[in-house]
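To keep things clear, I will list the structure first and then write my remarks on it.
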Amino acid sequence: MNHIGNQLKNARTRQEIEIDHLAALSGLPADTIAAIEAGTMDVQVSTLHKLSEVLRCSFSVGDMSI
């Protein structure tokens, strides 16, 4: 999951959004976002969808883009 974590962190930092602010916008706990970025938590597609909507970006998982 580290690849997804890197994509998330890059998208978030490019937009200069702090983890706490992304958590508030997405409705996800800040510690969940931090764990995804660190690669220590498996990510559900629904979670990636929420994050992609807030960040207005897509995530690549193998041949699939979310």
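The values are calculated or read from the model by the stated rules, or taken from the named source; none is laboratory data. Because the structure is predicted, anything quoted here is derived from the model rather than measured. FYI the Cβ positions are ideal-geometry reconstructions off the backbone, even for glycines, and counts take in every protein chain you see. Remember, those area values only see protein heavy atoms, side chains included, never the ligands or the DNA or RNA. Shrake-Rupley method; radii C 1.70, N 1.55, O 1.52, S 1.80 Å.
How many of the residues making up region 30-61 are within 13 Å of Asn6 (Cβ to Cβ), among the polar types (S, T, N, Q) and in contact with a Ser or Thr (Cβ under 9 Å, 6 or more places away or on another chain)? The total comes to 0. In this structure, Ile66 qualifies as in contact with a His (Cβ under 7 Å, 6 or more places away or on another chain) and at negative phi. On the given criteria, is Gly5 on the phi > 0 side of the Ramachandran plot and open to solvent by less than 70 Å² (accessible area, probe 1.4 Å)? Criteria not met by Gly5.
Among the residues making up region 40-66, those that are touching a residue at least 40 places away in the same chain (Cβ under 8 Å) and either in contact with a helix residue (DSSP H, G or I) (Cβ under 6 Å, 6 or more places away or on another chain) or not polar (S, T, N, Q) (or both) are Met41, Asp42, Val43, Leu48, Leu51, Leu55, Cys57, Phe59, Val61.
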